[in-house]
Amino acid sequence: MEEHRHDIAIIGGGPSGLACGIAGVRAGLDVIVLEQGSIVEAIRRFPTNLVWFSTPELLEIGEVPFVIPTLRPTRADTIRYYQRVSAHYNLDIRPFDAVEDLGKEGEYFRIGTRRGMSYSATNVVVATGYFDHPTQLGVPGEDLEHVSHYYDEPFKFFGLNVVVVGGRNSAVEAALDIYRGGGHVTLVHRGEELSEGVKYWILPDIENRIRAGQIKARFRSRVKAITRGEVFLECPSGEERLPADFVLILAGFRPDTARLTAYGIGLDPVTLAPVHDPATFETNVSGLFVAGSVVAGKNSNKIFVENGRQHGERIVRAILSRHTGKS
Ligand SMILES: Cc1cc2nc3c(=O)[nH]c(=O)nc-3n(C[C@H](O)[C@H](O)[C@H](O)COP(=O)(O)OP(=O)(O)OC[C@H]3O[C@@H](n4cnc5c(N)ncnc54)[C@H](O)[C@@H]3O)c2cc1C
């Protein structure tokens, strides 16, 4: 019996993968979305109390209004929205089945998953984001069990010394949340000051907490090593040791170059962005596309939901004009 072949297989059920899938469904194509976790898994793993900087209309996909009674959505609002929109479009999503292999057999792609499933597709869209690849400091002790590259909620830090490394939204918001949750926080940042991209309603809060000594801060400081109870810093004044029951390294994300290379996709030597046609998002491998934040390489703050959600329409248009004659 001939195996079923999808028009498009999308790897990653984040906002960009879903938007692409919906664009395909609306164009009458046979689409499957393969997701290693739940629908919008990366967002599900965001800090529990996160409020987005984007207002809801900038996060909409599939022309479905995202209506909430507040100015900005919470993490929970957003998860609910994306999951309901996927259901509305009857998107064929296979959750909790990570893609492990992707190869081309003649004209078609063969996709193998962790659960041992195998899929065939004429086109593949890689929309895997960057969330599985937090920036590593590369210092001794970074892999100890009290060190994490993700933050969810403050409760386990109550009454304890926590060193938070980073100077952007994730680090600043975690520092404030932990402080308010009863932890003793020191924020360590290699820059002169906090990033100017810190949410405008958060910046005065953190600056005032630092000024008041409620959150300690070390600027122009680098972590040299981490041990079970301390963080060793190189500061402008010399070396310093901070007591640390927990260490959170929240210093952004990096591109998953290994995956892209394994798929045969070339990388820009400077930005590490996948080689692609900016008009269609097709990579150097014919029929293999990239969508969403994975497109940005090292410049992970250049593509986010607001613009990544638009990639799918262009990809589907390119696929339609080439493979099916539909337009
Ligand atoms: C704390 C925080 C706050 C943010 N706030 C905003 C904001 O206010 N506005 C905004 O526009 N952006 C914001 N962003 C950025 C935004 O979340 C990302 O740009 C967005 O999630 C990217 O969407 P994506 O679909 O490209 O990737 P992702 O959302 O990362 O989705 C990728 C999906 O691929 C899946 N996946 C990965 N590997 C595999 C595999 N091998 N097989 C199957 N599935 C796989 C993942 O599980 C994930 O579900 C924020 C990011 C963070 C971290």
Report summary line: The one condition GLU193 fails out of (1) assigned to a helix (DSSP H, G or I); (2) at pLDDT below 95 is (1)
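Answer yes or no as to whether THR78 is in contact with a helix residue (DSSP H, G or I) (Cβ under 7 Å, 6 or more places away or on another chain), among the hydroxyl-bearing types (Ser, Thr, Tyr) and under 24 Å from VAL198 (Cα atoms).
yes
Answer yes or no as to whether GLY129 is closer than 21 Å to PHE304 by Cα, surrounded by fewer than 20 Cβ atoms within 10 Å (Cβ to Cβ) and touching a helix residue (DSSP H, G or I) at 6+ places or on another chain (Cβ under 8 Å).
Criteria not met by GLY129.
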Report task. State whether one or more residues within region 62-70 are within 11 Å of the ligand (Cβ to nearest atom) and over 15 Å from the mean Cα position of the chain (by Cα). Result -> no
Query - Cross-chain or 6+ apart pairs with Cβ under 7 Å, region 292-313 first and closer than 11 Å to TYR130 by Cα, then aromatic (Phe, Trp, Tyr) - result: SER293/TYR130; SER293/PHE304; VAL294/TYR130; VAL295/PHE281; SER300/TYR130; SER300/PHE253
**Report entry** Condition check for SER286: polar (S, T, N, Q) and part of a loop (DSSP other than H, G, I, E, B)
**Finding:** yes
**Report entry** ASP268 being within 30 Å of ASP101 (Cα to Cα), surrounded by 16 or more Cβ atoms within 10 Å (Cβ to Cβ) and in contact (Cβ under 8 Å) with a residue 24 or more places away in the chain
**Finding:** no
Query raised in the report: Got at least one residue in region 256-274 being more than 25 Å from HIS133 (Cβ to Cβ) and either touching a His at 6+ places or on another chain (Cβ under 8 Å) or not aromatic (Phe, Trp, Tyr) (or both)?
Result: no
Query raised in the report: For region 198-230, which residues satisfy the criterion of being surrounded by 13 or more Cβ atoms within 10 Å (Cβ to Cβ) and of a type in the set (Gly, Ala, Ser)?
Result: ALA217, SER221, ALA225
Query - Filtered residue count, region 4-27, keeping only those that are away from the ligand (no atom under 14 Å from the Cβ) and in a helix (DSSP H, G or I) - result: 3
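Conditions tested, residue by residue: (1) among the β-branched types (Val, Ile, Thr); (2) assigned by TED's automatic domain parsing to the domain that holds ASN123; (3) under 18 Å from ILE10 (Cα atoms).
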residue: LEU267; (1), (2), (3): no, yes, no
residue: VAL270; (1), (2), (3): yes, yes, no
residue: HIS276; (1), (2), (3): no, yes, yes
residue: THR280; (1), (2), (3): yes, yes, yes
residue: ASN284; (1), (2), (3): no, yes, yes
residue: PHE289; (1), (2), (3): no, yes, yes
residue: SER293; (1), (2), (3): no, yes, yes
residue: LYS298; (1), (2), (3): no, yes, no
residue: ASN301; (1), (2), (3): no, yes, no
**Report entry** Meets criteria (in contact with a strand residue (DSSP E or B) (Cβ under 7 Å, 6 or more places away or on another chain) and not basic (Lys, Arg)) for ILE79
**Finding:** no
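The values are calculated or read from the model by the stated rules, or taken from the named source; none is laboratory data. Please read all numbers here as calculations on a predicted model, not as lab measurements. Using ideal geometry, Cβ is built from the backbone for each residue, glycine included, and neighbour counts are taken over all protein chains shown.
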